[in-house]
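Heads up: the structure comes next, in structure tokens.
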Amino acid sequence: MPDKEKLVITGGNPLSGDVRVSGGKNTSVAVVPAALLCDEPCTIENLPDINDVAALADILRKLGASVTYEPGRFMTIDAQYVKDSHVGYRDAQKLRASYYFMGALLGRGGKFNIAYPGGCEIGSRPIDQHIKAFKALGAAVDEKGGDVAAEAKELVSGNIFFDIVTVGATINAMLAAVKAKGTTMIYNAAKEPHIVDVANFLNSMGAKIKGAGTDNIRIRGVPYLRGCTYTVIPDQIETGTFMIAGAATYGDVTIRGCIPQHMEALSAKLLEIGVRVTNSDDAIRVRSGGVHRSVNVKTQAYPGFPTDLQQPITALLTTAQGVSTVTETIFNNRFKHLDDLRRMGANIRCMGRAALIEGVPRLLGSPTTAADLRGGAALIVAGLMAHGITEIYEPEFIDRGYEHIEEKLRSLGADIKREST
Ligand code: EPU
């Protein structure tokens, strides 16, 4: 069994300098399975070198695709001869995004048999809306023994009305509908930047998708998708995490290669806190503006404040003057990091889905454990802010979503290293 690792941070250094953001995790993990729909080889560039992307490449290979993967650079996928449509428990459990093989395999060959997806435990994560979409396109869906199986003699267009705004089901509906006969409408669609990115990837192969990024998406089915080379967009959440880390350490950090428009909700909140934020075409500079003020944060679907940045910003707010309220409306168990923040001296009370954070003068380093990806990122931010040494056990959660996180933080002056335990 390989040695377990931990991150060790000696806090207190203001971060300073430039950092380049990697390709988007949540767009990459959809675009890679989407390549199954392509009738020719295609190449995806700017994929982040993270465990989730490697896991998807493995699943593609097991399905019979030929995959050339240069981590951190590109992946070329030739799925022309894929015959299999089964993803087993062990593979599906490795990550949430294994659910994108459902839409992609259904759209490609009219069937799939896939175990329920794994992923971070941040609350109940049903897939009823995904199944609703598959049924609306003419598939018969059967759930038993922990597997979901679907089959359609012929996929037909349909009207899909989502009961809630869901990123995963919106993308899965697009994947399943892209080759279905006729015109499919998706109503109450999610509008996250990666929805638009997946649509752009499919359109660059010849799909006819309009309206991605709005509430209603229209998809005219096409019989064939040609090969393409596609570059995924930069990571919105990694960008936000560096913005928060720069602000939390009273530093001066410029995040390069990002899309500032995707960051409006966070930028507005940082300005309210008293942080200076300046945008240029593809960079954001975050600088300390003096004392941090308390604010209220409520997570919402895009363009609202992203749930994936809720945990990192709670760390920043632990030392903001006054009482902040952070309300999590998307997932029902995304506060697991709060116990560790309390261990570091934070004053936080939970009331249902809200955390009341009373600012304290400083955090003190302590041993902590990452319980999920963004909770782990919050502990990194806290460790960078804290006086003394913070250890973060189980950093593999963090590695699922952040490429070379210690190297990037070290380049900004952080004292962070990885050790075997
Ligand atoms: N939901 C349902 N039924 C469904 C689908 C979703 O009730 O069929 C509920 C969920 O339980 C949740 C809400 O709808 O309460 C929103 O879930 P959504 O489907 O939007 O989330 P997801 O597809 O499971 C993706 C990202 C998450 C990110 C959310 C929200 C991937 C692989 N995951 O999850 O990313 O938090 O969208 O933006 O893209 C992360 O990166 O750390 C992460 C968890």
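Pop the C-beta distance of T278 and A140 into the FRET formula with R0 = 56 Å and round what comes out to the nearest 0.05. The calculated FRET efficiency here is 0.55.
Within the set of other residues whose C-beta is less than 13 Å from the C-beta of G64, count the net charge using Lys and Arg as +1 and Asp and Glu as -1. For residues surrounding G64, the net value is +1. Comparing mean-square fluctuations of Y100, Y393, Y81 from a GNM of the chain with C-alpha springs under 10 Å, the top value falls on Y81.
Kindly state, to the nearest 0.05, the FRET efficiency for S204 paired with S411, given R0 = 30 Å and r defined as their beta-carbon distance. List each step's numbers first, then the result.
Details: r = 33 Å, r/R0 = 1.10.
Efficiency computed from Cβ-Cβ geometry: 0.35.
Excluding same-chain neighbours fewer than eight residues apart, the aspartates and glutamates reachable from K191 by a Cα-Cα span under 12 Å are D215.
Of all the accessible heavy-atom surface of the chain, with the other protein chains kept in place and a 1.4 Å probe, what percent is carbon and sulfur?
On the way: 7820 of 16320 Å².
It is 48 percent, rounded to a whole number.
Taking a straight Cα-Cα cut-off under 16 Å and skipping sequence neighbours fewer than 8 places away in the same chain, the aspartates and glutamates within cross-link reach of K269 are D308, E328. The modelled label-to-label distance for the pair V156/H404, using points 7 Å beyond Cα in the direction of Cβ, is 5.2 nm. The distance from the alpha carbon centre of region 7-62 to that of region 333-359 is 30 Å, rounded to a whole number.
Net charge dipole, the chain: roughly 800 debye, given to the nearest 20, about the Cα centre with Cβ charges of +1 for Lys and Arg and -1 for Asp and Glu. Can you give me the relative contact order of region 8-126 as a percent, contacts being Cα pairs under 8 Å and 6 or more apart? It rounds to 23 percent for region 8-126.
Using DSSP, restrict attention to beta bridges with both residues in the chain and report what percent are antiparallel, rounded to the nearest 5. Don't skip to the end; give the middle numbers.
Values: 58 of 82 bridges.
Approximately 70 percent, going by the DSSP bridge assignments.
Using the 1.4 Å probe convention, the accessible area of the chain works out to 39 Å² per residue with neighbouring protein chains retained. Over the residues of the chain, the helix contribution to mean residue ellipticity at 222 nm works out to -9000 deg cm²/dmol, using -39500 (n - 2.57) for each DSSP H run of at least 4. Please compare each pair in K111/K153; K111/K144; K132/K210; K62/K135; K153/K181 to a cut-off of 19 Å on the Cα-Cα distance and tell me which ones are over it. Over 19 Å apart, Cα to Cα: K132/K210; K62/K135.
Label-to-label distance, Q321 versus D339, with points set 7 angstrom from Cα along the beta-carbon direction: 3.4 nm. Modelled spin labels at S124 and Y224, positioned 7 Å past Cα toward Cβ, are 4.7 nm from each other.
The values are calculated or read from the model by the stated rules, or taken from the named source; none is laboratory data. Fair warning: this is a prediction, and the values are worked out from it, not measured in the lab. Heads up, the Cβs are rebuilt from the backbone with ideal geometry, glycines too, and the neighbour counts pull from every protein chain shown. Note: accessible area is taken over every heavy atom of the protein model, side chains too, but ligands, DNA and RNA are not part of it. Shrake-Rupley method; radii C 1.70, N 1.55, O 1.52, S 1.80 Å.
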